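Notes follow once the structure below has been shown.
The values are calculated or read from the model by the stated rules, or taken from the named source; none is laboratory data. Treat the numbers as computed from the prediction; the structure is a model and nothing was measured. Every residue, glycine as well, gets a Cβ built from its backbone with ideal geometry; the counts of neighbours run over all protein chains shown. Protein only, heavy atoms only, side chains kept; ligands, DNA and RNA dropped before computing areas. Shrake-Rupley method; radii C 1.70, N 1.55, O 1.52, S 1.80 Å.
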Amino acid sequence: MSELPLDSRAPLNIGRLPIGSIGRAANGWWGMMMLVVTESSLFVYLLFAYYYFAARSGPGFLPEALPSFHLSGPGTAILIASSVTLWFGQRGARRGSRAQLLAGLLVTIALGALFVGLQIFEWSEKPYTIASHAYGSAFFTITGFHMAHVVAGLGILLALALWSGLGAFDERRMSAVDIGTIYWHFVDAVWLAVFFTFYITPYLR
Amino acid sequence: MMERLWNRKPSIQAPRIVGRLALAPLLALASPAIAASEESTSAPMYYLKTFGPKGDITASLTWGLLAIAAGVSVLMSVLVIVAMFRNGRSSMATPGSPLPIAHPPGGHRWIYLGLALTTLVLIALVIWTMDVLAEIDEPAGEPAFTIEVTGQQWWWEARYVDPDDPSRSFVTANELHIPVGEPVRITLASRDVIHSFWVPALAGKTDVIPGQTNETWLQADREGVYRGQCAEYCGLQHAHMALRIFADAPEAFQAWWDHQLEPADEVPEGSELLAVGERQFRLQCGACHAVRGTLAGGEAGPDLTHLMDRTTIASVTLPNTPGHLSGWIADPQHQKPGTTMPNPDLSGPELNAIRHYLETLD
Amino acid sequence: MAVDYQKRPEAGYVTKELEAKLHKMWETKPGLFGVIATVDHKVIGIRYIVTAFAFLVVGGLQALLMRLQLAQPDQTILTPEQYNQLFSMHGITMIFLYALPILSGFSNYLFPLLLGTRDMAFPRLNAFSYWVYLASGLFMYASFLIGQAPNNGWFNYAPYALKPFNPGLNMDFYALGMVFFGISTTVGAANFVVTVMRNRAPGMSINRLPIMIWGTTTVSVGILLANPAVSLAFFLLWLDRQFGTHFYDTAGGGQPLLWQHLFWIFAHPWVYIIVLPAMGMVSDALPVFCRRPLVAYTLVILATITTMLLGFGVWVHHMFATGIPFLSMSYFSGASFIITIPSAIATFAWIATIWTGRVVVTTAFLYFAGFISMFVIGGVSGVVTASVAADLQLHDTYFVVAHIHYVLIGINLFGVLGGLYFWFPKMSGKMLSERLGRWNFWLTFLGFNLAFLPMHWTGLLGMPRRIYTYPEGAGWSWVNMLTTVGSFILAFGILLLFVNVWMSLRRGVAAGANPWDAPSLEWATASPPPAYNFTVMPVVASRHPLWEDRLGESEGHSSIERGLILDDGKEMLATSVIDAAPRAILKMPEDDPWPFLVTLAMTLGFTALLLHWWWIGLAAGVATLLGCVFWLWPRGDLAQTKGTAHE
């Protein structure tokens, strides 16, 4: 077995290494990426179910009224805005500003909660329920899945707000923030796919 | 080889089955040679010897595939064995003792050669498959009529439809007649769960799926009886959801069709037994079973107008004999546990009367 | 506790003091707390293996009962309902609760050892994945207690799975159990992928990874992409059953075939998911007994990845009879043929390895040689069914049952048993008896082939699957008797394995670090390995670190006795994805009870959903989320919170 000194023959020249969870060095960052991959495919299958119904059931599948943007439009804008505010907070954290991080998190949470409120209001306005027909089942299940992800995202943001309020992070030790925000942006991106499916495609037929 | 292996083993089992076992392989090995066109053959569901154009062309393909499969399996196993002994063997004296290691060249040739051969065979198989698939997709000529088959737990309803004359339609169950040598279109619908329509000696499967109507076609080139069976798991009595196809000479088929159109004969005057039987049948069975020409008009169970024309009952579970008929009516849940037909509340004489009445339905 | 942001790791030799220090840090605490809280991948791996074998035994006993029922025509040993529950649970057990978890067990145990690191990327998630596997398995098995086990097969087609046809709790157990089990599978897969990408010995670039690592990593990516389909399918089924949605029932415009699409989009890749890691194990272990490196390493890896990719494109070949269009059938038939090609590459690579090597015949080798034969038979019978025209006859007959058993027993179980003979000495420090091993192998091999080779013929004689009995005149009696006899011999063979394990643990020969003179890193540490795996972090310069001097083909030299010393708490290296260059020093978690507690909360939650205890379900959900918050609470000793020390 070789007992040669490390640096003499091997091409390795190991210098100073960061310790612990910093940015992408944290395993958690990669773990979150895995979550994003698997959750993305979950939504692919959800939307597959919708398009499968649409393709197999013919014109009678969609409800008579075309979808309205009066709630979904503002909801979408709010969700996109929440990604911006979160990015703003994260940028503050990178500079060491706990206040900016907290402000960004809290505004994002407020916007997310507003989206959930709008969505529930829109649900209550629908003339059909989850048990009415295949379209109703698909609509409430898919938007419901998305809503559950928003709520989970809000939970993550709340935990981050709590921890940063307790002073857990500084400008370098903040991988929890970096990891948690990925999830929120992902949930926003998913909404765009859901929104396109339920609110745009009916106009394209 | 199988025979020898297995002759050594049966001691595990009770001795009384040994006799049957010894005979069985002979029958089954002989089966390809025996015409399977009678259900009485040893392997009525065998599909490598078939009796219609659809099955025939598929059987040749399957034989080809099986031959290649068996050849490849044997070849590769022989290669493994030869490879093991080729260079002599080392032995492992004690755990941890070092053994020689080498990195002889030449391994990649195997892969290139193997890959080339595999690819060629696969291309040939794809072409062959597509050819057969195109062949069985549609019959050569336009079918003269359609049988609308409805699968349900756990029997088959069949409605014969004459496209030229709607009044010549009728309904029967579990035993379908077709004219020999002619293609017949079959549409498949389900009243409950998924089933699969399969008559192996004639053609492959087509699933019977609720909410959609699938289509297939059958043609038998030889007169005879062909067994079919539901091939998609459909619940408790999936095992007892068989059917029979009778391929008749054209005249016989025409006569059968004409006969099926007729309502049941009236119960003859003066027969007290049959009158009781008819009344009891109407009261006890008429909600589910229809006998055309009487007040019994149920649709949940098989149409029994010409019950005596059928060779079997309970979806080809029991032969249609007076004894089995009585046993079936008296206790269907014993014969076919879970069947949708409930055990009736009948006295002995009532049962007897119903059975006698049923025997008049020819 | 504050931690520096950076440091320069030191290199050094293995010393007794270092070993003692590391032992203190890494060993699992004794007592019940240790049992619940351990995050040691080796303990978790062995738990996986033991649990999976327990499920194998249970599933096997179910099979034996069914074989008794089918030994002769018209038997009434089992009622139809009992038979249907047994064949359903047999499939569920073998395919879900045995076949993947056994491979996860080996992978869990071996990943950090093969990769030259100290633990998985997420040790606590690893513990969680095991607990959820156990809990979801017990959850599904609890259905037997009330006599309402799933009774619709593992494939579970709608609409028979819907409430009008299946009013009991049977399907709810299965639906919720599978969503629950999917969580375990998913987090386990994520853990493998991140471990491979981020936690390897310096120098173990991707072209030096053992094949088994490639196999498990490939299928883990496959799981991340495929598993949501089945979780979703079962969740929608549950919605249909409980809340009157219309996904699968035709009454409200639903589509029964949606189930089949979602299910097979998952389940076909799944078949590859439960064989590719076993193929990887054979690719790593077989060459050791041929005394040469595997032929065509790169091609075998490409074949593994290609198989997984193609595996996502052939699901409709399970649905040829459903009335799909001609063009679609042609495509899926063609794709199913093509998937043979990567399998052929692997097969020829194994045969060429034996052909050009010098064979050491051990029980493990016999299992691998048998594996190759069984692999070929299962593969070519798959080719036969890939031909759509032929498949319309073969589909749903015992031919397919024979095929799937050649695939699952031949490829998974034979690979696993060979792997067990190979790695058991590493896990226990004791050799298994070769003498008993031969008996074990030959009985298993002969019993298996006696049971399943004639079964192809049963299928050609037209016997449909999933029938609880058959009439005497059908011509299926003698082949079924053969299968029954064979299955009992097979079961006896497996029993001998357990005898062998038990005897070896009591008085087996000591194995030493490297009993087979094998080349990979797990053999560079003691048997069984210490809690910290490697005293110093090894540095790798070739594909076969322990053979490289004798093969004489590497550029540098691997360094095993001397390596990086990481002893400032539980530490291991983060490395770059392609080259495995050191990128960071990670702080690893201590034993932690939260994974277990969160699993308990989830078990309560799923039970509540099953029994419609909605408020308890909600409470359990909240408890689960709170548990996760505590689990993930930023901790100083993991260097997740702001530090005080600067340089």
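Could you state the accessible area per residue of chain C in Å², with a 1.4 Å probe and every protein chain left in place?
28 Å²
Given the whole protein assembly as supplied and a 1.4 Å probe, what does the accessible area of A:ARG91 come to in Å², nearest 10?
Per-residue accessible area (A:ARG91): approximately 120 Å².
For B:GLY224, enumerate residues with amide H under 5 Å from its amide H, sequence gap 5+ or separate chain, H modeled in the peptide plane.
For B:GLY224, whose amide H was placed from the backbone, the distant partners under 5 Å are B:ALA247.
At 4 °C and 1.567 mPa s, what whole-number value in µm²/s does Stokes-Einstein give for the translational diffusion of chain A, with Rh from the Kirkwood sum over Cα pairs?
67 µm²/s
For a quick check: with amide H placed at 1.01 Å from N, whose amide H comes under 5 Å from C:SER559's, ignoring anything fewer than 5 positions away on the same chain?
C:VAL539, C:VAL540, C:ALA541
At a Förster radius of 41 Å, what calculated FRET efficiency corresponds to the Cβ-Cβ distance of B:ALA255 and B:ILE127, to the nearest 0.05?
The value I calculate is 0.35.
Within the set C:LYS42/C:LYS642; A:LYS126/C:LYS163; C:LYS24/C:LYS426; C:LYS570/C:LYS642; C:LYS426/C:LYS642, which residue pairs have Cα atoms separated by over 29 Å?
The answer is C:LYS42/C:LYS642; C:LYS426/C:LYS642.
Could you calculate the contour length gain from C:VAL622 to C:ALA251, that is, 0.36 nm times the residue separation minus the distance between their Cα atoms, to one decimal place in nm?
Between C:VAL622 and C:ALA251, full extension yields an extra 130.0 nm.
Would you mind computing, in nm to one decimal, how far apart the modelled labels at B:LEU99 and B:LEU295 are, each placed 7 Å from Cα along Cα→Cβ?
The modelled label-to-label distance comes out at 8.8 nm.
If the cut-off is a Cα-Cα distance under 26 Å, which lysines reach B:LYS49, setting aside same-chain residues fewer than 8 apart in sequence?
Counting by Cα, and skipping residues close in sequence, B:LYS49 has these lysines nearby: B:LYS205.
Between the helical axis of B:272-284 and the dominant principal axis of chain B, each derived from Cα atoms, what acute angle in degrees is found, rounded to the nearest 10?
60 degrees
Rounded to whole Hz and in sequence order, give me ³J(HN,Hα) for the range B:298-309 from the Karplus expression 6.51 cos²θ - 1.76 cosθ + 1.60, θ = phi - 60°, writing x for Gly and Pro.
Working through the residues one at a time gives x, 10, 6, x, x, 5, 10, 3, 10, 3, 6, 6 Hz.
On a 0 to 90 degree scale, rounded to 10, what angle separates helix C:80-92 from the longest Cα axis of chain C?
30 degrees
I'd like the distance separating the alpha-carbon centroids of the range B:208-235 and the range C:526-579, in whole Å.
Between the Cα centre of the range B:208-235 and that of the range C:526-579, the gap is 63 Å.
Mind giving me the nanometre distance, one decimal, between the label points for B:ARG191 and B:GLU266, set 7 Å out from Cα along Cα→Cβ?
In this crude spin-label approximation the distance works out to 3.0 nm.
Starting at the first residue of the range B:210-215, write each ³J(HN,Hα) from the Karplus equation 6.51 cos²θ - 1.76 cosθ + 1.60 with θ = phi - 60°, in whole Hz, x for Gly and Pro.
x, x, 8, 10, 8, 10
Compute a Gaussian network model of chain B, connecting alpha carbons closer than 10 Å, and tell me which residue from B:PRO98, B:PRO53, B:PRO139 fluctuates the most.
Result: B:PRO98 has the largest fluctuation of those listed.
Check every DSSP H run in chain A and write down those whose alpha carbon atoms cover 18 angstrom or more along the long axis and whose mean Kyte-Doolittle hydropathy is 1.0 or greater.
A:98-125, A:134-165, A:175-195
Per-residue HN-Hα couplings for the range C:11-18, Karplus 6.51 cos²θ - 1.76 cosθ + 1.60 at θ = phi - 60°, whole Hz, x for Gly and Pro?
So the Karplus estimates, Gly and Pro as x, are 9, x, 9, 5, 10, 4, 4, 4 Hz.
Take A:LEU71 and C:VAL499, extend 7 Å from each Cα along the Cα→Cβ direction, and tell me the distance between the two endpoints in nm.
Label-label distance for A:LEU71 and C:VAL499, simple model: 7.0 nm.
Just to make sure I understand: if all protein chains stay in place, what is the order of A:TYR203, A:TYR52, C:TYR406 by accessible area at 1.4 Å, largest first?
From most exposed to least exposed: A:TYR203, A:TYR52, C:TYR406.
Using R₀ = 56 Å, calculate the FRET efficiency as 1/(1 + (r/R₀)^6) where r is the Cβ-Cβ separation of A:ALA189 and C:GLU561; round to 0.05.
FRET efficiency, A:ALA189 to C:GLU561: 0.70.
Between the range C:81-106 and the range C:605-637, how many Å separate their Cα centres?
Rounded to whole Å, the Cα centres lie 28 Å apart.
Take the Cβ-Cβ distance between B:LEU113 and B:GLU142 as r, set R0 to 56 Å, and report the resulting FRET efficiency rounded to the nearest 0.05.
Rounded to the nearest 0.05, the efficiency is 0.65.
Relative contact order for the range B:147-304 using alpha-carbon pairs under 8 Å, separation at least 6, rounded to a whole percent?
21 percent
Remind me, relative contact order of chain A in percent, using alpha carbon pairs under 8 angstrom and six or more residues apart?
29 percent
Using only Cα atoms, locate the centre of the range A:93-110 and the centre of the range C:229-285, then give the distance between them in Å, rounded to an integer.
41 Å
Round to the nearest 10 and give me the degree value, 0 to 90, for the angle of helix B:348-358's Cα axis relative to the longest principal axis of chain B.
80 degrees
Quick query: amide H of B:ASN87 versus all other amide H atoms, modeled in the peptide plane; which residues come in under 5 Å with a sequence gap of 5 or more or a different chain?
C:VAL359
Normalised by the number of residues in chain C, what is the relative contact order in percent for Cα pairs under 8 Å and 6+ residues apart?
22 percent
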